[in-house]
Amino acid sequence: MQKILNGNEAVALALKQINPDVFAAYPITPSTHIPEVFSSYVANGEVDTEFVPVESEHSAMSACIGAAASGVRAVTATASQGLAYMHEVLWNASGMRLPILLANANRALSAPLSIHGDHSDSMSQRDTGWIQLYADSPQEAYDLTLQAYLIGENAKVRLPVMVCFDGFETSHLSTNVEVLEDKVAKDFVGEVKTLNPLLDLENPVTYGSYTNPDWFFEMRRSQHEGMQNAQKIISEVGKSFGKISGRDYAEPIETLEIEDAESVIVIVGASSGSATEAVVKLRSKGKKVGMLRVRSFRPFPFEAVANALKKAKRVAVCDKTMPAGGVGGPLFAEVSAALLANNLNPKVVNFIYGIGQRQFSPTHAEEIFAKLEEKDCERINFVNLRE
């Protein structure tokens, strides 16, 4: 059935259908509407979730860690400085192998203060051991939220999952969202898959204990293996979701007109809509252009990206975060590494766009394609920036 929902409402509805055990939250724009809506479900008796209003985002994640370690499903929602404030405990969640769910409405980091959307918050946490899935619409935000626990709780994964979606562009965009019947959604997600619960007094365990050098490296390696295993599980869960919804998520990437494309834009999140319009327009004029959208940033789908780009002569990698002295943005680095590892050598150029939610229109995407063909195109370029 269809409902008119914005991204925040879509995530809250998916969580209602899941009925998690604990929701710990602290408000921050543009994600505040998620716990607001969900708390109304709690107040109305539509879920039996323990809603925990805490004094900070650090406390929200800490509460989720305690809940998940006890053997129940925990969730929180945040953005920007809130996610940054969680940084310390994000590592704890992944290091303890706790499949917590975090909904992140992407927003720029201060200073200067901006409440508007870019990817600097989640990209700055990309190596904390969390699976990161990026939605391009309220529909995908809903769908990925329903899939998240099945991915993170899998015995071969056991990692927390971050569902990211663009602040305001997705979080506050109201559109038609195809939602599942409550029972169908609940049956798909199923009951919590508990492993080594802290409150199992017959089988005592320890979480987050001190570790000497003779074992710490192996534990980090185990996390890495869980992340690598997640690639297959993401695909399996996405395929299963497709069978009940008609929306298949078996692939960690989405492509458009990629088969014979000589120039390709690689992008993450909601701005793929502008890139799509540009590709359609330029194709109608005979230009061999295409688009690749990365949905799973962690684990990064190296093989899928390289295979999709194997015929491309020119690749424009678009980052919605500032590289701050690096050779390029995070997406640029990952795509470049994927191409290099597969002995592919197209022209690869980084385009920084949308910082602080600066407009990114189809016209800007067309300009990227044009710039990409210039012989003296610099390695890093800035889109819609005043000089």
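Every condition in (1) in a loop (DSSP other than H, G, I, E, B); (2) of a type outside the set (Asp, Glu); (3) surrounded by 15 or more Cβ atoms within 10 Å (Cβ to Cβ) is met by ALA148 except one, and the failing one is (1). Return yes or no: is ALA141 touching a residue at least 24 places away in the same chain (Cβ under 8 Å), in contact with a Phe, Trp or Tyr (Cβ under 6 Å, 6 or more places away or on another chain) and surrounded by 24 or more Cβ atoms within 10 Å (Cβ to Cβ)? Judged against the criteria, ALA141 is a match. When residues in the stretch 323-349 are screened for being modelled with pLDDT under 95 and among the hydrophobic types (A, V, I, L, M, F, W, C), 2 of them pass. Could you check, for the stretch 51-64, whether at least one of its residues is β-branched (Val, Ile, Thr), in a helix (DSSP H, G or I) and either under 30 Å from GLU218 (Cβ atoms) or touching a residue at least 12 places away in the same chain (Cβ under 8 Å) (or both)? No: the stretch 51-64 contains no residue that is β-branched (Val, Ile, Thr), in a helix (DSSP H, G or I) and either under 30 Å from GLU218 (Cβ atoms) or touching a residue at least 12 places away in the same chain (Cβ under 8 Å) (or both).
Okay, residues lined up against (1) within 22 Å of the chain's Cα centre (by Cα); (2) in a helix (DSSP H, G or I):
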residue	(1), (2)
GLU251	yes, no
GLY269	yes, no
ALA278	no, yes
MET291	yes, no
PHE297	yes, no
PRO323	yes, no
ALA338	yes, yes
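Picking from residues in the stretch 371-383 that are assigned to a loop (DSSP other than H, G, I, E, B) and either under 17 Å from VAL264 (Cα atoms) or not assigned by TED's automatic domain parsing to the domain that holds ILE355 (or both), the one that is modelled with the highest pLDDT is VAL383. Annotation note: of LEU256, LEU309, the sole residue that is over 23 Å from ILE131 (Cα atoms), surrounded by fewer than 22 Cβ atoms within 10 Å (Cβ to Cβ), at pLDDT 95 or above and among the hydrophobic types (A, V, I, L, M, F, W, C) is LEU256. Do we have any residue at all in the stretch 164-175 that's surrounded by fewer than 21 Cβ atoms within 10 Å (Cβ to Cβ), free of Cβ contacts under 8 Å to residues at least 40 places away in the same chain, among the hydroxyl-bearing types (Ser, Thr, Tyr) and in the same structural domain as LEU198 (by TED's automatic domain parsing)? There is no residue in the stretch 164-175 that is surrounded by fewer than 21 Cβ atoms within 10 Å (Cβ to Cβ), free of Cβ contacts under 8 Å to residues at least 40 places away in the same chain, among the hydroxyl-bearing types (Ser, Thr, Tyr) and in the same structural domain as LEU198 (by TED's automatic domain parsing). Just so you know, in the stretch 353-381 the residues that are more than 28 Å from SER284 (Cβ to Cβ) and not small (Gly, Ala, Ser) include one that is surrounded by the fewest Cβ atoms within 10 Å (Cβ to Cβ), and it is ASP376. Within the stretch 103-129, being in a loop (DSSP other than H, G, I, E, B) and either outside the structural domain of THR175 (by TED's automatic domain parsing) or crowded, with 23+ Cβ neighbours inside 10 Å (or both) holds for ARG107, ALA108, GLY117, ASP118, HIS119. Annotation note: Cβ proximity below 9 Å between a residue of the stretch 230-255 that is at positive phi and a residue that is acidic (Asp, Glu) (sequence gap 6+ or interchain) occurs for GLY246/GLU178.
When each of GLU57, GLU36 is tested for being in contact with a Gly (Cβ under 7 Å, 6 or more places away or on another chain), within 20 Å of SER171 (Cβ to Cβ), assigned by TED's automatic domain parsing to the domain that holds LEU159 and of a type in the set (Asp, Glu), the lone residue that passes is GLU57. Scan the stretch 208-219 and tell me whether some residue there is modelled with pLDDT of 95 or more, buried (at least 16 other Cβ atoms within 10 Å of the Cβ) and not in a loop (DSSP other than H, G, I, E, B). No, there is no match, as no residue in the stretch 208-219 is modelled with pLDDT of 95 or more, buried (at least 16 other Cβ atoms within 10 Å of the Cβ) and not in a loop (DSSP other than H, G, I, E, B). Put simply, of GLY269, GLY273 the only residue that is at pLDDT 95 or above and surrounded by fewer than 20 Cβ atoms within 10 Å (Cβ to Cβ) is GLY273.
The values are calculated or read from the model by the stated rules, or taken from the named source; none is laboratory data. Values in this document were obtained by computation on a predicted structure and should not be read as measured data. Heads up, the Cβs are rebuilt from the backbone with ideal geometry, glycines too, and the neighbour counts pull from every protein chain shown.
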